[in-house]
Amino acid sequence: MSENCPHEDWDPMDPAVGADYVAAFKDLQKRCPVPWSDQFGGFWSAMTYADIADVCMHPDRFQNAEQFTVPHLDLGIPWLPLQSDAPRHQQYRGVLQPKLAKRRMLTLESDMRELARTLLEPLAERGSFDGAADLAQPFAGQALCLALNFPRSFWNTFFGWNRGITKAMQTADLALLQSVLGDISGYVATEVRARRDDPGDDFLSTLLATRIDGRELTEQEIVGYYLLLMSAGHNTSADSLSHAIVHLARHPEDRARLRAEPEILPNAVEEIVRFYSPLLALGRRVGQDTELGGRELKAGDQVAVVWAAASHDTDHLADADEFRLDRPVAKHLSFGLGAHYCVGAELGRLQLRIAIEELLSHFDAFTITGDLVKTTWPTNGYLSVPLSAARATVSSSPAPGGGVAGR
Ligand code: HEM
């Protein structure tokens with residue numbers, strides 16, 4: 001153990017670390033890039049871009065089937081497709097790929113924009129609202145339900161589960177997690193029977209038509225998809241959008257620039273995801289004794305891959321700590337890397353672009369009016385963003401195919 005790495009090198013739950021994660025990550029990158037923490041049963045963290053790439057590109061040494069988060073969310077049911085390894089992983093992931101492909105996302109643009117407008121109109125009437133609870137969270141949920149072809153009658157049920165899972169994760173409440181799991185299992189058991197008799201083009205029918213090694217998915221596997229999609233597909237986008245709202249509220253010059261140069265919006269979206277990585281970290285389990293960043297890891301050890309630290313690694317990107325609205329899209333790890341690279345990345349990008357366009361065309365300005373409430377490890381977003389917003393004096397529609405409305 002080097003003198004720069006005492007036995008417990010860091011604690012992600014330390015309020016001082018939580019107050020400024022990036023500062024803590026940067027200190028560790030220089031001093032002790034694969035630190036050990038005694039939290040959550042003890043785990044290593046990959047903090048640099050190079051070490052995270054090493055982990056993600058070597059699934060034989062760093063595996064997902066046993067564990068994909070730190071702390072380990074062990075429900076006895078794998079969260080699919082993330083909590084699986086090759087060769088099964090490709091089959092599980094393949095179920096989602098056509099639904100979330102870029103060309104399909106583009107066909108959803110006008111319906112998704114309509115969802116954003118329907119949410120924003122009453123908020124514009126009110127003039128003050130919560131950017132996270134009233135906008136980012138519902139919009140991310142609705143856009144996900146739209147993309148996955150969830151029946152409208154099911155959306156509120158899904159949002160209810162999501163609220164339960166989010167609360168359980170923020171408070172480490174395993175009993176609540178188990179209770180949501182019970183609700184999902186009940187729903188799946190009932191709906192599977194109904195869809196078998198009367199299949200449609202909805203998500204559950206797609207799962208029922210799926211064959212893995214020639215067999216149908218089990219009910220447990222189907223539950224596993226819902227579990228993961230709620231956290232990976234809903235909270236990531238909501239948290240990223242909440243960062244976008246906070247950033248644009250704090251930077252009127254960036255609002256003005258996006259209105260004047262809508263063509264840089266895709267760059268801005270990517271920069272928001274890179275700079276404010278909405279997932280601090282996910283996890284792996286060490287598959288065989290190995291070395292990472294000069295430290296000896298044992299089979300069975302837990303490893304956190306700290307995406308948010310990689311985004312600020314100046315050895316990888318010299319000006320990584322600078323937020324550049326028009327940054328040419330840089331290679332970053334906020335969407336992951338390798339076999340588990342985010343299958344919903346195009347959906348995440350589209351949601352952010354539409355939400356920002358609509359926000360800017362509905363409001364001339366928006367200001368933060370109260371205390372921001374942040375999520376906690378391993379997520380990185382806002383639970384509450386109190387805003388007062390001045391309705392746009394002239395409202396016009398965004399240009400087809402994107403772009404912020406001329407005002
Ligand atoms: C800004 C938004 C998003 C961010 C930053 C993000 C980030 C990530 C990251 C870092 C991973 C890699 C996990 C790992 O290797 O351990 C991942 C995987 C995944 N994401 Fe996203 N995500 C976002 C949006 C979405 C959306 C909208 C969906 C919708 C379905 C989604 C679904 C998934 C799934 C299913 C996986 C697992 C892929 C696999 O195991 O092959 N994500 N995401």
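The values are calculated or read from the model by the stated rules, or taken from the named source; none is laboratory data. Quick caveat, the model's predicted, so the values are computed rather than measured. With ideal geometry, Cβ positions are generated from the backbone for all residues, glycine too; neighbour counts draw on all protein chains shown. Calculation scope for accessible area: heavy atoms of the full protein, side chains included, ligands and nucleic acids excluded. Shrake-Rupley method; radii C 1.70, N 1.55, O 1.52, S 1.80 Å.
For segment 15-391, give the percent of accessible area contributed by carbon and sulfur heavy atoms, probe 1.4 Å, rounded to a whole number.
Answer for segment 15-391 is 54 percent, counting heavy atoms of protein chains only.
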- Item | Cα-projected label distance for ASP74 with VAL373, points at 7 Å along beta-carbon direction, nm | 3.1 nm
- Message: Between ASP201 and GLU261, how high is the FRET efficiency from 1/(1 + (r/R0)^6) when r is the Cβ-Cβ distance and R₀ = 25 Å? Nearest 0.05.
- Response: 0.05
- How big is the shadow of the Cα convex hull of segment 15-391, averaged over all directions, in nm²? 18.2 nm²
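On full extension of the chain, what length is gained from ILE212 through ASN156, given 0.36 nm per residue of separation minus the C-alpha to C-alpha distance?
Full extension of this stretch gives 17.2 nm more.
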- How much of the DSSP beta bridge set in segment 15-391 is antiparallel, as a percent to the nearest 5? 85 percent
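Tell me, what is the Rg over Rh of segment 1-73, with Rh the Kirkwood radius over Cα pairs?
0.97
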- With only helices counted (DSSP H, runs n ≥ 4, each -39500 (n - 2.57)), the per-residue ellipticity at 222 nm for the chain, to the nearest 500, works out to -14500 deg cm²/dmol
- Query: Structure shown: which of LYS30/LYS331; LYS167/LYS298; LYS102/LYS167; LYS30/LYS167; LYS26/LYS374 lie over 26 Å apart, alpha-carbon to alpha-carbon?
  - Reply: LYS167/LYS298; LYS102/LYS167; LYS30/LYS167
- Note on the structure: accessible surface per residue for the chain, probe 1.4 Å, DNA/RNA/ligands not counted, whole Å² -> 40 Å²
- Task: Determine which residues of segment 22-44 fall in the zone a paramagnetic label at HIS58 would reach in this model, i.e. backbone nitrogen under 12 Å from the point 7 Å along Cα→Cβ.
- Result: none
